[in-house]
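Presented below is the structure to which this report refers.
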Amino acid sequence: MLMSTRIPSEFLISDLSVVHHEGSSLIVCLDKWGGVWTWSPSTGEWLARPIPYAHAEDPIMAEYPDAENTIDMVAALSVGGRLLLAAGGDEQEPALWDLGTGELLWRARFNGAYLADVIALDGAFVTAQQYSEEVRLRSPDGGDTLLGEVGELSCLGAARVGGRSLILAGGSGAEVWDAATFSRIGSFYPYDGRVWAVTACALAERTAVLALTEKGDLYAWALGSDRDEPLYELVAATRESETLAVTTVGGEPLVLAADQDSLRLWSAADGTEAGHVDTREHGVTAMESTVVDGRRALVTSGSDGVLRIWDESDLVRQSSRRS
């Protein structure tokens with residue numbers, strides 16, 4: 001396992017985004033006060049990345065010269081040698097900054113279209129807007145395409161399965177779009193509760209859509225199936241997580257969610273519990289399954305302000321089954 005030093009901020013990490021930039025991986029972190037930082041796994045260096053208030057030039061804000069960003073979520077891209085950050089929050093519309101120069105590149109109008117989530121995928125950003133319940137694909141130059149609306153929209157996910165990129169959104173159900181064609185290719189609905197986290201993975205010859213609800217239940221559906229029944233009985237997972245990740249251990253895709261004191265793992269194929277990793281000493285505040293410097297890994301931030309990069313052997317070695 002590779003670990004960072006503690007983030008040089010008095011506030012803990014609340015969100016993160018991993019990006020490949022200038023030949024190596026960077027982990028872009030957001031602290032709980034809205035500060036943006038990057039950490040390089042290859043050099044171990046933390047850098048503060050100050051960004052200007054997105055609405056500073058808006059006439060409406062002229063009487064509030066000390067206003068600051070209220071950012072809750074971030075997503076990063078590397079485009080044309082520039083390190084770009086899309087961000088917003090429960091009380092701020094989406095905007096885009098160049099983290100290398102600190103320049104604000106574009107912002108959504110000051111109109112209350114606050115963010116529920118933001119992700120990066122295939123050179124673009126996807127935003128989920130709270131009150132309009134719109135899922136939009138946004139290019140770095142500021143152009144955007146409406147993908148659709150999702151009732152009670154709360155979260156986004158992305159996956160690459162079988163050479164195809166998928167955009168997923170969760171709310172009253174789980175919705176799936178083909179990122180290449182912008183076409184909606186699946187809609188699934190839990191028996192009870194909103195979807196708080198959603199992702200997808202390959203299972204043999206099919207694609208599984210995985211969702212965690214506010215009731216703490218883990219669902220799995222087969223994309224493209226004529227039936228919308230879950231693939232297996234509901235799994236009583238955890239009510240303490242709003243994030244799902246999928247990683248491969250021993251050739252088997254596993255679903256991960258963080259509860260108060262552990263990372264919990266289930267088989268994506270049949271929902272059986274595959275073990276748990278004790279995290280009582282540091283907790284998990286955010287996580288992402290991704291590629292770090294060419295290797296598949298799980299990146300987590302902890303309540304101790306430290307980033308951890310887990311590879312397959314780390315999860316195998318530290319995982320144990322619950323009694």
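The values are calculated or read from the model by the stated rules, or taken from the named source; none is laboratory data. Just so it is clear, the model here is predicted, and its values are computed rather than measured. Reconstructed Cβ throughout: ideal geometry from the backbone, glycine too, with neighbour counts over all protein chains shown. Note: areas computed on protein heavy atoms with side chains; ligands, DNA, RNA excluded. Shrake-Rupley method; radii C 1.70, N 1.55, O 1.52, S 1.80 Å.
Report the residue count in segment 142-158 for those that are open to solvent by 40 Å² or more (accessible area, probe 1.4 Å), over 26 Å from Gly81 (Cβ atoms) and assigned to a strand (DSSP E or B).
2
Which residue is nearest to Leu105 (Cα to Cα), if the candidates are limited to segment 123-147 and must be among the aliphatic types (A, V, I, L, M) and in contact (Cβ under 8 Å) with a residue 40 or more places away in the chain?
To start, the set of residues in segment 123-147 that are among the aliphatic types (A, V, I, L, M) comprises 124, 126, 128, 135, 137, 146-147.
With in contact (Cβ under 8 Å) with a residue 40 or more places away in the chain added as a condition, the list becomes 124, 126, 128, 135, 137.
On the way: Ala124: 14, Val126: 16, Ala128: 19, Val135: 21, Leu137: 16 Å.
Result: Ala124.
May I ask you to say which residue of Ser132, Ser139 is touching an Asp or Glu at 6+ places or on another chain (Cβ under 8 Å) and either surrounded by fewer than 24 Cβ atoms within 10 Å (Cβ to Cβ) or among the basic types (Lys, Arg) (or both)? Break it down into steps so the answer makes sense when it comes.
On the way: Ser139 fails: touching an Asp or Glu at 6+ places or on another chain (Cβ under 8 Å).
That would be Ser132, the only listed residue that is touching an Asp or Glu at 6+ places or on another chain (Cβ under 8 Å) and either surrounded by fewer than 24 Cβ atoms within 10 Å (Cβ to Cβ) or among the basic types (Lys, Arg) (or both).
Just wondering, is there one or more residues in segment 61-68 that are modelled with pLDDT of 95 or more, over 20 Å from Gly35 (Cβ atoms) and open to solvent by less than 50 Å² (accessible area, probe 1.4 Å)?
no
Of all residues being more than 20 Å from the chain's Cα centre (by Cα) and modelled with pLDDT under 95 in segment 216-229, which is surrounded by the fewest Cβ atoms within 10 Å (Cβ to Cβ)? Just the residue, please.
The qualifying residue surrounded by the fewest Cβ atoms within 10 Å (Cβ to Cβ) is Asp226.
How about segment 35-55: which of its residues are touching a residue at least 40 places away in the same chain (Cβ under 8 Å) and either in a loop (DSSP other than H, G, I, E, B) or aromatic (Phe, Trp, Tyr) (or both)? Reasoning before the result, please.
Within segment 35-55, the subset touching a residue at least 40 places away in the same chain (Cβ under 8 Å) is 36, 38-39, 41-42, 44, 46, 48-52, 54-55.
Result: Trp39, Pro41, Ser42, Gly44, Trp46, Arg49, Pro50, Ile51, Pro52, Ala54, His55.
Working only within segment 186-215, note down all residues that are over 18 Å from the mean Cα position of the chain (by Cα), open to solvent by 60 Å² or more (accessible area, probe 1.4 Å) and not hydroxyl-bearing (Ser, Thr, Tyr).
Asp192, Ala204, Glu205, Arg206, Lys215
So, in segment 72-115, how many residues would count as being of a type in the set (Gly, Ala, Ser) and more than 16 Å from Asp58 (Cβ to Cβ)?
The initial filter retains those residues of segment 72-115 that are of a type in the set (Gly, Ala, Ser), namely 75-76, 78, 80-81, 86-89, 95, 100, 102, 108, 112-113.
Within this subset, residues satisfying the condition of being more than 16 Å from Asp58 (Cβ to Cβ) are 75-76, 78, 80-81, 86-87, 89, 100, 102.
Within segment 72-115, residues that are of a type in the set (Gly, Ala, Ser) and more than 16 Å from Asp58 (Cβ to Cβ) number 10.
Restricting attention to segment 108-145, which residues are at pLDDT below 95 and of a type in the set (Lys, Arg)?
Arg109
With (1) touching a Phe, Trp or Tyr at 6+ places or on another chain (Cβ under 8 Å); (2) modelled with pLDDT of 95 or more as the list, and Glu273 as the residue in question, which single condition is left unmet?
All conditions are met except number (2).
Take segment 259-298 and flag every residue that is closer than 18 Å to Leu121 by Cα and among the polar types (S, T, N, Q).
Ser289, Thr290
Among the residues of segment 88-129, which ones are surrounded by fewer than 19 Cβ atoms within 10 Å (Cβ to Cβ) and of a type in the set (A, V, I, L, M)? Spell out how you get there, then give the answer.
Restricting attention to segment 88-129, the residues satisfying the condition of being surrounded by fewer than 19 Cβ atoms within 10 Å (Cβ to Cβ) are 90-91, 98, 100-106, 109-113, 122-123.
Matches in segment 88-129: Leu104, Leu105, Ala113.
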